[in-house]
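Quick notes on the structure that follows.
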Ligand SMILES: C[S@@+](CC[C@H](N)C(=O)[O-])C[C@H]1O[C@@H](n2cnc3c(N)ncnc32)[C@H](O)[C@@H]1O
């Protein structure tokens, strides 16, 4: 099932919202923006969207064209850039691990200004990577977990659950191990 049809057919009962949504589907920016916007509609107060593949390290990895059996992050980062440039109502950071693990919560951010004529190419990403992605090391991320906007918005019990999920899916040993891109030829994403 595609994410679009999932969201079209969602029929939750009352009080049905998600604490964590992982987006790691079609790695093309328009789809990713749609996935983020749809997820926000069903995100619990204090919820988090985790967006994989925000930090491609090579030009080829962020090609629009899917290439089988090679590392392919696609144009996820462009979706990120567009949201970073426009959504003052979101808080966004990227954990600098495993192809870039984006974390999106309701909150606020000083947007990253991008001129309307700016071409979103790899050179632009490379020049602005740290600030555009709001890159944070895994160690910093875990240190600041309880200070994130969602943690403050969530009750104690819910915060404990979400933090446990973070530790499970973004566990520090795993993040540190995956910090570096796998050798050429190995599947990515
Ligand atoms: C990079 S893989 C991620 C796999 C997943 N995170 C996991 O751990 O199993 C991307 C997956 O998204 C699926 N996919 C592609 N386009 C999609 C879409 N529009 N909606 C939902 N899933 C999609 C692909 O079939 C593929 O299984």
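The values are calculated or read from the model by the stated rules, or taken from the named source; none is laboratory data. Since this is a predicted model, take the numbers as computed values, not measurements. So basically every Cβ, Gly included, is an ideal-geometry build from the backbone, and we count neighbours across all protein chains shown.
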Please go through the range 1-24 and give me each residue that is under 25 Å from residue 61 (Cβ atoms) and either in contact with a strand residue (DSSP E or B) (Cβ under 9 Å, 6 or more places away or on another chain) or more than 10 Å from the ligand (Cβ to nearest atom) (or both), ordered by number. 3, 21, 22, 23, 24
Please specify each residue of the range 117-151 satisfying the condition of being in contact (Cβ under 8 Å) with a residue 60 or more places away in the chain and in a helix (DSSP H, G or I). 122, 125, 129, 133, 150, 151
When residue 104 is evaluated against the numbered criteria (1) under 20 Å from residue 25 (Cα atoms); (2) in contact with a helix residue (DSSP H, G or I) (Cβ under 6 Å, 6 or more places away or on another chain); (3) at pLDDT 95 or above, which criterion, by number, is the only one it fails? (2)
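Starting from residues that are surrounded by fewer than 22 Cβ atoms within 10 Å (Cβ to Cβ) and more than 10 Å from the ligand (Cβ to nearest atom), keep the ones in the range 25-37 and report whichever is farthest from residue 56 (Cα to Cα).
Within the range 25-37, the subset surrounded by fewer than 22 Cβ atoms within 10 Å (Cβ to Cβ) is 25-26, 28-31, 33-34, 37.
In the following step, the residues that additionally are more than 10 Å from the ligand (Cβ to nearest atom) were identified as 29-30, 33, 37.
Details: 29: 13, 30: 17, 33: 17, 37: 22 Å.
Here the residue is 37.
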I want to confirm something. Restricting to the range 38-72 and keeping residues that are part of a strand (DSSP E or B) and more than 13 Å from the ligand (Cβ to nearest atom), which single residue is surrounded by the most Cβ atoms within 10 Å (Cβ to Cβ)? 48
What's the number of the condition residue 92 fails, among (1) in contact with a strand residue (DSSP E or B) (Cβ under 9 Å, 6 or more places away or on another chain); (2) closer than 21 Å to residue 123 by Cα; (3) more than 13 Å from the ligand (Cβ to nearest atom)? (2)
The range 73-91: number of residues that are assigned to a helix (DSSP H, G or I) and on the phi > 0 side of the Ramachandran plot: 0
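Within 19 Å of the chain's Cα centre (by Cα) and under 18 Å from residue 30 (Cα atoms), is that true of residue 73? Even if it seems obvious, please write down each step before you answer.
On the way: within 19 Å of the chain's Cα centre (by Cα): yes; under 18 Å from residue 30 (Cα atoms): yes.
For residue 73, the condition - within 19 Å of the chain's Cα centre (by Cα) and under 18 Å from residue 30 (Cα atoms) - is met.
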